[in-house]
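What follows is a set of notes on a single structure, which appears directly below.
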Amino acid sequence: MNHKVFKTLEYDKIVERLSALSYTESGKQRCLDLKPSYDLLKIQDMQEETEAAMLRIIRHGKLDLSGIADLHAAMKRLSVGGVLNMTELQNMTKLLEVVRRSKRYDSEEKDPEFHDCLSDLFFGLSDVPELYTEITRCIISETEMADDASPALKAIRRKMHSINDKIHEKMNELIIKAGQDGILQDNIIAMRNGRYCLSVKADSKARVPGMVHDQSAKGSTFFIEPLAVVNLNNELTELELDEAAEIEKILAFLSGLATTHIDELRADFKNLTSLDFIFARGTLAVSMNAVKPSFNTNGIIKLRSARHPLLDEKIVVPIDIELGDAFDLLVVTGPNTGGKTVSLKTVGLLTLMGQAGLHIPTKERSELSLFEEVYADIGDEQSIEQNLSTFSSHMKNIVNIENVANEKSLILFDELCAGTDPTEGAALAISILEDLKGRGARLMVTTHYAELKLYALTTPRVENACCEFDVATLSPTYKLLIGVPGKSNAFAISQKLGLKSHIIEDASRRLDKEDKDFEDVLSDLEEKRVALNTSLDEAKRAEDDIVKLKESLSKKNDDIAERRKKLIEEATIEANRILSEAKDLADETIRDFNRYRIETPDLKKMEEKRAALRKKMDAQSDAVAAKAIVTEGIKDPSLLHIGDTVRVHSLNLTGTVHTLPDKSGNLFVQCGIMRSNVNISDLSLVTENLKPEKKTAKRSVVTGLSKAASIHSEINLIGMTSDEAIAHLDKYIDDAYVSHLESVRIVHGKGTGTLRSAVQSYLRKCKYVESFRAGVFGEGDAGVTIAVFKK
């Protein structure tokens, strides 16, 4: 792809920004060398890498790859058996530290089955622990070897410390003595050429026996090594040579160890620089809020809410652009500073970025086509000062494009054939566009020529577009509108900038009638478009309101269903509680009855218990009545029948339907002693009976309690005839069974056995009696029959 277009479309600024996001020198260079590709598989692989890095950054933050130095030279020396210095070896430990950091970053993925296109790069990293441990043990910094690097080095340095102490002790003695004699310039120990010296005054140098190593610039001071420490200094120098030799041995050992792991180190360096390059692309995508585009080979471009990546996201106006599907040539018109050139550059730059494996700042589902070449003739000089030389320069560029363009080319022209006679320029522009379109190229051109607008209106597969201009505020909105030709609005802009109105009116009169008619058509189209957009916006808002209302209604129905379910559950629990209480009350009452059968009952306590029982029953009855199910709103008169129970809402009374509704829906309802004429709209059917009359229940309970209080567990029939006895026995059995007695004792005497036979014959037929038997000793023997009731 031609490199000139990189500067024209500012692609070079994108890769510079990308390079600034990289950590390593190798990664930065790869960013700067990044060029668009025409290999679709390679592009898709790079797009997947960028997406994977972006998603990891969103989940776990940026991958910190700082601290990696360029190890190409060190690796090369190792491969030929060279020895590395301490700086190079320490750079290896920094590389291995970054490896460890990167592996920890990869391990933050919680899913053990997680795998993306970057997983293999992370998996291929090796932290070589034995090499890392040995280097960090031996080397403290880039200039310092640890004493414990080897036993020999430790011994040498111990001797050096000892000799150093002796030298300082001797030198301090000499300084004290010479200081008292006044022959020293400074009372300090100086170091010259690696030897310890005294700073002696020039006129006293003969008084200090030793070797002169240096003198001051003015010659007033001589640096003399006293004879007393010459041997010590010599010995120290020899030890320093031994130290250097031992350090060299250690470096050779460490370099040999590194050589055994050179393959792992090379793989680490390669993988980390690759990750650096990929994560720089991912970081750029995150910073631009960019997405992965899809690609086709059909020359179709569809950009949704595209933004120029070098403009501030907060102020740039997104544009929707299509090219290559319904039309192959897009003619963009509109006022200056309205955004035509930015739209042009956006299409070209995003195409270059996409084919370079970079995400583009658009919405999801944006689509790019694969182009072999992108050509752009975009001039930065947009003023009336353009002259023939400028026209010639642009035409030379156009000729070059004409010579090589084909169906795999995307061509962008800004102000095509401007800077010359408008009539000739427009004709020439149309011919150039027609020729390039005929070759199958995809083209986008900006212009002010009305002839090109007409050409787009009348030519197949050519479409107009404009950068919207708000006539009310006399300012551009920077929105790109496809399908609508734009006006240059020169008169409106000039008036806004202060040009006198009579000049503008005079200019307007000088326009040809055809030009005026054409501009009037454009103005009318623009007004209709604005009105249509307004209607569409209102329809969209109404649709959104309907969706929200539907969602709200659905939520409300869900709430009602949930509330209904909850009420049913609560009612079930309440019913179980009432049944449980009723059972407990019944059991307690039966126990009392059984106890009263044996003992003399306390009627006052029995009455108190009866009143408490009645109060609780009334409360439950009121609750049931209050919860009667009411069917709201009677709309069909045929649902009403004479005798139906209804609720009169206006009177808050319950009554009975007395007559059927007439044509107007009016009818009579009997509410107690009051007969009311009401409308069916004021009625609701009551589908549960109201609570039962209390008097009946009260009478029943009182009767039961009265019987329970007076009944005995024994009846005496002696002296009665059979008929009389059976009559008394029948009533007694009924009362005893109602009173819940378990058994009774019937005294009939022994006599002739006639009465006993009649009693037992009756008991056999009685439906309440489970069994009966003759009395045993102590119960009255054969003169008594014991009857047991059914439960």
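Worth pointing out:
- Per-residue packing, averaged as other Cβ atoms within 10 Å, sorts the ranges 14-26, 64-76, 551-563 into the order 14-26, 64-76, 551-563, beginning with the highest.
- Cross-link pairs LYS28/LYS292; LYS62/LYS302; LYS154/LYS177; LYS170/LYS205; LYS7/LYS270 - those with Cα-Cα distance over 24 Å: LYS62/LYS302; LYS154/LYS177; LYS7/LYS270
- Pair THR721, ASN677: separation of 7 Å Cα→Cβ label points (nm): 7.0
- Ranking ILE642, ILE398, ILE578 from most to least accessible surface, computed with a 1.4 Å probe over the protein chains only, gives ILE642, ILE578, ILE398.
- When every Cα-Cα distance of region 1-97 is counted in 10 angstrom steps from zero, the calculated P(r) takes the values 13, 30, 31, 21, 5 percent.
- Sites ALA252 and GLU25 - FRET efficiency at Förster radius 30 Å, r taken between beta-carbons, to 0.05: 0.60
- Overall Cα dimensions of region 704-782 - principal axes, largest extent first, Å: 39, 28, 22
- Average Cα contact separation per residue, the chain, under 8 Å, 6 or more apart, as relative contact order %: 9
- DSSP beta bridges in the chain [antiparallel fraction, %, rounded to 5]: 70
- Based on C-alpha pairs under 8 angstrom that are at least 6 apart in sequence, region 154-263 has a relative contact order of 24 percent.
- The reciprocal of the average 1/r between distinct C-alpha atoms defines the Kirkwood hydrodynamic radius, which for region 135-201 equals 14.3 Å.
- Taking all protein chains together and a 1.4 Å probe, the residues GLU144, GLU463 rank GLU144, GLU463 from largest to smallest accessible area.
- Residue-level accessible surface for ARG104, protein heavy atoms, 1.4 Å, Å²: 140
- Potential lengthening of the chain between GLU424 and GLU169 amounts to 81.8 nm, from the contour at 0.36 nm per residue minus the alpha-carbon distance.
- For the pair LEU497 and SER141, the difference between a 0.36 nm per residue extended length and the Cα-Cα distance amounts to 121.4 nm.
- Overall, region 273-358 carries a charge dipole of about 120 debye about its Cα centre when +1 sits on the Cβ of Lys and Arg and -1 on the Cβ of Asp and Glu, all other atoms neutral.
- Gyration tensor verdict on region 146-285 (Cα atoms; rounded if a/c is under 1.5, prolate if a/b is larger than b/c, oblate otherwise): prolate
- Theoretical FRET efficiency, 1/(1+(r/R0)^6), r = Cβ-Cβ of ALA561 and HIS649, R0 30 Å, to 0.05: 0.65
- Between ASP186 and SER508, the simple label model (points 7 Å from Cα in the Cβ direction) yields a spacing of 8.9 nm.
- Cα long-axis angle, helix 11-20 against the chain (0 to 90 degrees, to the nearest 10): 80
- When only alpha carbons of region 51-203 are considered, Rg and Dmax amount to 26.4, 85 Å.
- In degrees, nearest ten, helix 603-626 long axis to first principal axis of the chain (Cα): 50
- A simple spin-label model places pseudo-atoms 7 Å from Cα toward Cβ; at THR237 and MET211 they are separated by 0.4 nm.
- Computing FRET efficiency as 1/(1 + (r/R0)^6) for ALA782 and SER761, where r is the C-beta to C-beta distance and R0 is 25 Å, gives about 0.95.
- With 0.36 nm allotted per residue and the present C-alpha distance subtracted, the GLU543-ASP636 stretch has 29.9 nm of extension available.
- Per residue, the Cα convex hull of the chain amounts to 543 Å³.
- Computed across region 235-309, the Kirkwood radius stands at 18.1 Å (inverse of mean 1/r, all Cα pairs).
- Packing around the peptides 501-509, 271-279, 55-63, 320-328, taken as the average count of other Cβ atoms within 10 Å per residue, puts them in this order, highest first: 271-279, 320-328, 55-63, 501-509.
- For the chain, the longest principal axis of the alpha carbon atoms and the long axis of helix 129-138 meet at an angle near 50°.
- Packing-based ranking, highest mean first, of 408-420, 732-744, 252-264, 658-670 given that Cβ atoms within 10 Å are counted: 408-420, 732-744, 252-264, 658-670
The values are calculated or read from the model by the stated rules, or taken from the named source; none is laboratory data. Source: prediction; values computed, not measured. Cβ sites come from the backbone with ideal geometry, for glycine too, and all protein chains shown count toward neighbours. In case anyone asks, the SASA skips ligands and DNA or RNA and just uses the protein heavy atoms, side chains included. Shrake-Rupley method; radii C 1.70, N 1.55, O 1.52, S 1.80 Å.
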